[in-house]
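Before any comments, here is the structure.
The values are calculated or read from the model by the stated rules, or taken from the named source; none is laboratory data. All values reported here derive from a predicted model rather than from experimental measurement. Virtual Cβ from ideal backbone geometry, glycine too; neighbours counted across all protein chains shown. Heads up: the accessible areas ignore ligands, DNA and RNA and are worked out on the full protein's heavy atoms, side chains in. Shrake-Rupley method; radii C 1.70, N 1.55, O 1.52, S 1.80 Å.
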Amino acid sequence: MSPARSSLAAVALALWFSVLAVSACQQEASTPASPLEVLEPWTRVPAVAGQDASVAIYLVMVNTGPGMMVLTDITSPRTREGMLHETTLMGDIARMRPVTQVPIASGARVTLRPGSLHGMLRGLDPVVTPGGTIPVELHFQDGSKVHVSVPVRAR
């Protein structure tokens, strides 16, 4: 085989391996995504700093899948514990109560917002500043998780 043909064969082989590598990457990237769309996540800097600092997590969840999704927990590696709460008014008194499940029907939109349903993270890492983010995981009844980066706003 002549040197020109040998070089051409080497280039063709390198291109073939490149196509295989790109194809493998595209297949990995096309892994089915969660049918849950998370919009407008946010939280505020904790009112009280220290080991017992707590923040509420607010966001909008849209179920774009064909079936019901049930949110069962909220956690973060930067907190001691997470939970779901609902705030209700009884006269002039606001009360928070734990919630164990938040159903999200197919095509439905559920909003976690101040004065209503929200996530709560307790025992927050003390280094939370406006402009930063808190990594959060939403846990669902079927065992799936959705990772969300929650921006921190000033009070």
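Points to keep in mind about this one:
- Between Ser106 and Glu137, residue separation times 0.36 nm minus the direct Cα-Cα distance comes to 9.1 nm.
- Summing +1 for each Lys or Arg and -1 for each Asp or Glu among the other residues whose beta-carbon sits under 13 angstrom from that of Leu36 gives -1.
- The value given for the stretch 60-155 is a Kirkwood hydrodynamic radius of 14.5 Å, derived from the mean inverse Cα-Cα separation.
- His147 accessible area, 1.4 Å probe, all protein chains in place, Å² to nearest 10: 130 Å²
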